[in-house]
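Below you'll find the structure, written out as structure tokens, and then a few comments.
The values are calculated or read from the model by the stated rules, or taken from the named source; none is laboratory data. It should be emphasised that the depicted structure is a prediction, and the values quoted were computed from it without experimental measurement. Using ideal geometry, Cβ is built from the backbone for each residue, glycine included, and neighbour counts are taken over all protein chains shown.
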Amino acid sequence: MSISTSAWLVLAFPLAGMLTIALGGKYWHPRAAAIIGTAAIAIAFAFAVVTLVNLQGLPAEDRVVTSSLWDLVNVAGLKVQLGIYVDPLSTFMALVVTGVSALIHLYSAGYMKSDKGYVRYFAYLNFFVFSMLVLVMAGNMVLLIIGWAFVGAASYMLIAFWYRRSTATAAGIKAFVINVVGDVGLVLGTIILFKTIGALDYGSLFESVQVDFEKNSAELVVAMILILVGAFAKSAQIPLHTWLPDAMEGPTPVSSLIHAATMVTAGVYLIGRLHPLFEWAPTAADVGAVIGAITLLVAGTIGLVMTDIKKVIAYSTMSQIGYMIMAVSAAAYVGGFFHLMTHAFFKALLFMAAGSLIGAMGGEQSLNKMSGWRKALPFTFKCMMAGGLALAAFPLFSGFFSKDFLLYEIADRGGLYWILYVVGYIGAIFTVFYTFRILWRPFWGKPCEQAVSLEEGHPWHAPEPFNPGTHEVEDTQVGFPGPEHNFAEESRPMRIPMTILAVLAVIAGVVQLPFEITHVLGSFLEPTFADSMIKHPVNNGLEAFGLVLSILIAAIFIPITWVIWVKKPGTSARIEQRFKGLYELFSHKWYFDELIDLLIVRPMGWLGRWFKNTFERVVVDGLFVGGPTSLVKAGSAAVRSLQTGLLRSYAALLVIGVAAALLYFLIRAA
């Protein structure tokens, strides 16, 4: 099988799965929909592996394969093909997206089994994965933008899946609107590139950028910053990040899908894919690196105080994506994508473990109400620990190697990049605190009522289903979560993917061990970034320094978290009181929502009302709607008044008309 054939099949199976489930609709048995949806993504992963094997069989300089089915547009010098671009980077992304998504589909089969929208849910999931694959395998900017827009639409459907929850629909709309803002930036940046280069396929863009633009020219910098706006919106970077914590209104597997390996990594992929353009516009690249650094710090501080366990993990995602955006913008490509891969494993696992814990809590998501679950949920506890230790960069876990390699490559550039290096390790300290907060608080201490009930063999069910955000009572019909609360200890479809991800969270770092002990990922991605102007020579001393620093962070700050949340309960409350100003700042999420509401939402609302009450009524209704209507009415009244029934009146009108016509022609002849 050729590379192009297997790559097209990677795209075809999620699309076929989505159409099969959607067209079958209510006729599908729920279990059949789950099997079809999961199998479609698993088969796509298998063909991604085939693509990988075939691609590796080519010489390094030939590991770019393009394939087109037909022309989408071919007019006036604009040629856009329905084509794919298969290289190590797109293949890597396809493997991560399909592999993790297949596990999330399997997990969903157990987690969502009592939901009335089960069939619809799997159609949405397949559509989301298809959209993400279009984005990462697109052969040109137009197809990438189409996949980009599809991902935004699919995320809206999944976040607002429980559509009778007002909080869910509001979160879906918010995510969609902010992503559309990013879409506009991406489209405008692409238009500027096309205006100068005259092509939109990657090959032409990469070959022509240094010919058609001067290095760091204003036009190119503006184009790349506009493209960064798209990346920031999709990857939840400041200031376009406020949709991400609200997106926790979707089902927990959706949180795992969107915030692990798919949607939020799209911005990281975009910067890596367009790296020749960003390197030729270093000012724009520096903007990306600085925004990533700010985001990882701000999100880390917010994660320290959130009480909703899913939102803590969401802000953790935002912070970790900040690392990746900072890395790829600073030309630390291997480190950035290495962390993208390990993050996909341990973050998907953390969301799954949190979903299991929430199920055992009867739907409750507040950390303040969780404690003592180690005995009642031993499997979930082990998985949460594996994911948490990887996230906190505990020595020898996958996150330890990926985060340090990322920061090592940034520091290797020297100069002002040392500031980013320092910021990265400050963020690592925050990561330790918010990670162990969600490990110690739910699983240590006196067992809560729900844990005691499960230890006695009686899974907890709330007296009435409720919205965990507002605690409003809900029914369990279509549009709300199903009546069952499932957890991993009693659901094999949930345990299998969690086990696989737990193993990967521990061992995945072996693909890129320090001091080039292994260089599997770097060697694989090397052909994609061979044209990079920025190289990273081996510096064993710098790499060793980073590893020692990470070990010291773990050795010093993990025991401190133990004292705060286990040995001396109530310490965190005293810290909050002592630093009340900072606590208020962090708990209000640095007031970004309020600031956006004040500067954008309210002025736009006022402007909309003014246009509706003034411009629309006076100008549109009065001139464009009422004006022609009044003119027609006046004309018809005049014509009716001439219809007197007198023959001599008609004859006089006829004579006047003929005379007027003759006069017209005489004047023209003269």
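In the condition set (1) surrounded by 15 or more Cβ atoms within 10 Å (Cβ to Cβ); (2) among the hydroxyl-bearing types (Ser, Thr, Tyr); (3) within 30 Å of Val177 (Cβ to Cβ), Ser572 is compliant with all but (3).
Residue count for the range 122-135, restricted to those that are β-branched (Val, Ile, Thr) and under 13 Å from the mean Cα position of the chain (by Cα): 1. Can you tell me which residue is nearest to Pro468 (Cα to Cα) among those in the range 220-252 that are charged (D, E, K, R) and crowded, with 24+ Cβ neighbours inside 10 Å? Among residues in the range 220-252 that are charged (D, E, K, R) and crowded, with 24+ Cβ neighbours inside 10 Å, the one nearest to Pro468 (Cα to Cα) is Glu249.
If you go through the range 170-208 and keep only what is in a helix (DSSP H, G or I) and among the small types (Gly, Ala, Ser), you end up with Ala170, Ala171, Gly172, Ala175, Gly182, Gly185, Gly189, Gly203, Ser204, Ser208. Screening Thr317, Thr262 for residues that are under 28 Å from Leu585 (Cβ atoms), among the polar types (S, T, N, Q) and within 13 Å of the chain's Cα centre (by Cα) leaves exactly one candidate, Thr317. Restricting the range 40-78 to residues that are of a type in the set (D, E, K, R) and surrounded by 11 or more Cβ atoms within 10 Å (Cβ to Cβ), the residue that is farthest from Lys195 (Cα to Cα) is Arg63.
Is there a residue being closer than 17 Å to Phe346 by Cβ, small (Gly, Ala, Ser) and either not in a helix (DSSP H, G or I) or not assigned by TED's automatic domain parsing to the domain that holds Val328 (or both) anywhere in the range 395-414? Scanning the range 395-414, I find no residue that is closer than 17 Å to Phe346 by Cβ, small (Gly, Ala, Ser) and either not in a helix (DSSP H, G or I) or not assigned by TED's automatic domain parsing to the domain that holds Val328 (or both), so the answer is no. Being more than 25 Å from Gly57 (Cα to Cα) and assigned by TED's automatic domain parsing to the domain that holds Pro276 is a property that holds for Pro537.
The condition of being surrounded by fewer than 17 Cβ atoms within 10 Å (Cβ to Cβ), assigned by TED's automatic domain parsing to the domain that holds Phe150 and aliphatic (A, V, I, L, M) holds for only one of Ile178, Ile258, Ile173, that being Ile173. Answer with yes or no whether Val432 is touching a helix residue (DSSP H, G or I) at 6+ places or on another chain (Cβ under 8 Å), among the β-branched types (Val, Ile, Thr) and part of a helix (DSSP H, G or I). Against the criterion (touching a helix residue (DSSP H, G or I) at 6+ places or on another chain (Cβ under 8 Å), among the β-branched types (Val, Ile, Thr) and part of a helix (DSSP H, G or I)), Val432 qualifies.
The residue list Thr38, Thr91, Thr5, Thr66 contains one member that is without any contact (Cβ under 8 Å) to a residue 24 or more places away in the chain, hydroxyl-bearing (Ser, Thr, Tyr) and either assigned to a helix (DSSP H, G or I) or farther than 30 Å from Lys116 by Cα (or both), which is Thr5.
Could you tell me which residue of the range 209-218 is farthest from Gly152 (Cα to Cα), considering only residues that are in a helix (DSSP H, G or I) and hydrophobic (A, V, I, L, M, F, W, C)? Full working, then the answer.
Pass one, the range 209-218, residues in a helix (DSSP H, G or I): 209-212, 218.
Adding the requirement that they be hydrophobic (A, V, I, L, M, F, W, C) leaves 209, 211, 218.
Values: Val209: 29, Val211: 34, Ala218: 30 Å.
Filtering the range 209-218 for residues that are in a helix (DSSP H, G or I) and hydrophobic (A, V, I, L, M, F, W, C), the one farthest from Gly152 (Cα to Cα) comes out as Val211.
Here's the yes/no breakdown for (1) farther than 24 Å from Thr499 by Cα; (2) in a helix (DSSP H, G or I); (3) in contact (Cβ under 8 Å) with a residue 24 or more places away in the chain:
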position: Gly110; (1), (2), (3): no, yes, yes
position: Tyr124; (1), (2), (3): yes, yes, yes
position: Phe127; (1), (2), (3): yes, yes, yes
position: Ser131; (1), (2), (3): yes, yes, no
position: Ala149; (1), (2), (3): yes, yes, yes
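The condition (being among the polar types (S, T, N, Q), over 32 Å from the mean Cα position of the chain (by Cα) and either exposed (fewer than 11 other Cβ atoms within 10 Å of the Cβ) or modelled with pLDDT of 75 or more (or both)) is satisfied by just one residue among Ser636, Ser587: Ser636. Can you find even one residue in the range 336-343 that is surrounded by fewer than 24 Cβ atoms within 10 Å (Cβ to Cβ), touching a helix residue (DSSP H, G or I) at 6+ places or on another chain (Cβ under 9 Å) and not hydroxyl-bearing (Ser, Thr, Tyr)? The answer is no; no qualifying residue exists.
Quick one: which of Pro481, Pro537, Pro527, Pro493 is surrounded by 14 or more Cβ atoms within 10 Å (Cβ to Cβ) and farther than 27 Å from Phe351 by Cβ?
Working: Pro481 fails: farther than 27 Å from Phe351 by Cβ; Pro537 fails: surrounded by 14 or more Cβ atoms within 10 Å (Cβ to Cβ); Pro493 fails: farther than 27 Å from Phe351 by Cβ.
The match here is Pro527.
No other residue among Met352, Met384, Met361 is buried (at least 24 other Cβ atoms within 10 Å of the Cβ), out of contact with any Leu (no Cβ under 9 Å at 6 or more places or on another chain) and in contact (Cβ under 8 Å) with a residue 12 or more places away in the chain apart from Met361.
Taking first residues from the range 643-670 that are surrounded by 10 or more Cβ atoms within 10 Å (Cβ to Cβ) and partners that are at pLDDT below 70 and part of a helix (DSSP H, G or I), the Cβ contacts under 8 Å between residues at least 6 apart in sequence or on separate chains come to Ser649/Leu642; Leu653/Leu642. Could you tell me whether any residue of the range 391-411 is surrounded by 22 or more Cβ atoms within 10 Å (Cβ to Cβ) and more than 30 Å from Gly509 (Cα to Cα)? Within the range 391-411, none of the residues are surrounded by 22 or more Cβ atoms within 10 Å (Cβ to Cβ) and more than 30 Å from Gly509 (Cα to Cα).
Each row is one residue, and each column tells you yes or no for (1) outside the structural domain of Ser101 (by TED's automatic domain parsing); (2) closer than 30 Å to Val305 by Cα; (3) exposed (fewer than 14 other Cβ atoms within 10 Å of the Cβ).
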{"site": "Gln477", "(1), (2), (3)": "no, no, yes"}
{"site": "Leu501", "(1), (2), (3)": "no, yes, no"}
{"site": "Ile517", "(1), (2), (3)": "no, no, yes"}
{"site": "Ser532", "(1), (2), (3)": "no, no, no"}
{"site": "Glu543", "(1), (2), (3)": "no, no, no"}
{"site": "Ile551", "(1), (2), (3)": "no, yes, no"}
{"site": "Pro559", "(1), (2), (3)": "no, yes, yes"}
{"site": "Val566", "(1), (2), (3)": "no, yes, no"}
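Does Val305 satisfy the criteria of being in a helix (DSSP H, G or I), more than 17 Å from the chain's Cα centre (by Cα) and of a type in the set (Val, Ile, Thr)? If you could, list the steps in order and put the result at the bottom.
Details: in a helix (DSSP H, G or I): no; more than 17 Å from the chain's Cα centre (by Cα): yes; of a type in the set (Val, Ile, Thr): yes.
Spelling it out, it is not the case that Val305 is in a helix (DSSP H, G or I), more than 17 Å from the chain's Cα centre (by Cα) and of a type in the set (Val, Ile, Thr).
Kindly provide the set of residues from the range 412-431 that are among the small types (Gly, Ala, Ser) and at pLDDT below 95, ordered by number. Answer for the range 412-431, where residues must be among the small types (Gly, Ala, Ser) and at pLDDT below 95: Gly414, Gly415.
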